[in-house]
Amino acid sequence: MSNIDQRFIKQAALGNMFEIAISELAVARSSDSFVTEYAKEMVNEHKLSLEELRNVAEGKGITLPDQLPTFMLNSVTRLSNLRGDAFDSAFQQVQNSAHSGASMKFKAEIQNGNDEDVKAYTVKALPLVELHFRLLTNKQTMMGPTKMQNNG
């Protein structure tokens with residue numbers, strides 16, 4: 001397996017782990033109905049994605065990271081120190097950045113990766129990454145519009 005594919009698998013695993021961590025935090029801390037519902041969906045979606053990625057990695061003999069790197073932990077800590085509207089706003093900004101960055105990495109893997117199993121995971125997951133970004137942008141959850149959309 002190429003270094004490109006190995007690096008992508010590890011980055012995608014960290015991305016899923018990061019999404020789960022910050023989304024679990026949002027479920028526990030947010031008072032905004034959109035943020036809470038969106039975060040619940042992100043926890044579920046990214047746990048499924050991580051499990052699927054874990055299966056691909058195990059089949060290739062690749063060990064996934066078991067903890068977040070410092071820069072991601074710092075972001076989780078920064079979010080955990082916020083409350084109310086400041087938390088909700090920062091969570092959405094982090095989600096926006098994470099999903100737009102993931103989209104670019106997934107597209108690069110599709111173009112430059114060599115391993116068919118890794119590319120198959122990526123081709124399947126990219127539409128979900130893009131959906132998560134659109135849902136965030138439109139203030140919607142997979143179940144449809146929320147009160148936040150009507151609140152501005």
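The values are calculated or read from the model by the stated rules, or taken from the named source; none is laboratory data. Keep in mind that what you see is a predicted model, and the values were worked out from it rather than measured. Ideal geometry is used to build each Cβ from the backbone, glycine not excepted, and the neighbour counts take in all protein chains shown. Side chains included, ligands, DNA and RNA excluded: accessible areas come from the protein's heavy atoms. Shrake-Rupley method; radii C 1.70, N 1.55, O 1.52, S 1.80 Å.
Protein heavy-atom accessible surface, 1.4 Å probe, per residue over the chain: 54 Å².
Report ³J(HN,Hα) in whole Hz for each residue of segment 103-119, in order, from the Karplus equation J = 6.51 cos²θ - 1.76 cosθ + 1.60 where θ = phi - 60°; Gly and Pro get x. Karplus values, whole Hz, x for Gly and Pro: 4, 5, 5, 5, 5, 5, 5, 4, 6, 10, x, 10, 7, 5, 5, 5, 5.
Percentage of Cα-Cα pair distances in segment 35-89 greater than 12 Å, rounded to whole percent? For segment 35-89, the fraction of Cα-Cα distances above 12 Å is 76 percent. When the solvent-accessible area of the chain is split by element, carbon and sulfur atoms take up 51 percent of it, the probe being 1.4 Å.
Axis of helix 33-60 versus longest Cα principal axis of the chain: the two differ by about 10°, to the nearest ten degrees. Under the rule a/c < 1.5 gives rounded, and otherwise a/b versus b/c splits prolate from oblate, where does segment 39-124 land using the Cα gyration tensor? Prolate, since a/c reaches 1.5 and a/b exceeds b/c.
What is the calculated FRET efficiency for residue 114 to residue 44, with r their C-beta to C-beta distance and R₀ = 25 Å, to the nearest 0.05?
Numbers: r = 31 Å, r/R0 = 1.23.
So the FRET efficiency works out to roughly 0.20.
Using the crude model of +1 on Lys and Arg Cβ and -1 on Asp and Glu Cβ, and no other charge, please compute the dipole size for the chain relative to its Cα centre, in debye to 20.
Numbers: 16 positive and 18 negative charges, 66 e Å.
Charge dipole, the chain, about its Cα centre: 320 debye, nearest 20.
Within the same chain, lysines fewer than 8 places from residue 139 are excluded, and of the rest, those with a Cα less than 18 Å from its Cα are 40, 147.
Going by accessible surface with a 1.4 Å probe and the largest first, 139, 107 read 107, 139. Report the residue, chosen from 90, 120, 39, that carries the largest GNM mean-square fluctuation when the chain is represented by alpha-carbon nodes joined by springs under 10 Å. Highest fluctuation of the listed residues: 120. Listed values for segment 69-85 are Karplus-derived 3J(HN,Hα) couplings in whole Hz (6.51 cos²θ - 1.76 cosθ + 1.60, θ = phi - 60°), namely x, 3, 5, 6, 4, 4, 5, 4, 4, 4, 5, 5, 8, 9, 9, x, 4, and x replaces Gly and Pro.
Rounded to a whole number of µm²/s, how large is the Stokes-Einstein D of the chain at 4 °C and 1.567 mPa s, given Rh as the Kirkwood radius over C-alpha pairs?
Working: Rh = 15.9 Å.
So the translational diffusion coefficient is about 82 µm²/s.
Taking label positions 7 Å along the Cα-Cβ direction at both residue 54 and residue 100, the computed distance is 3.2 nm, reported to one decimal.
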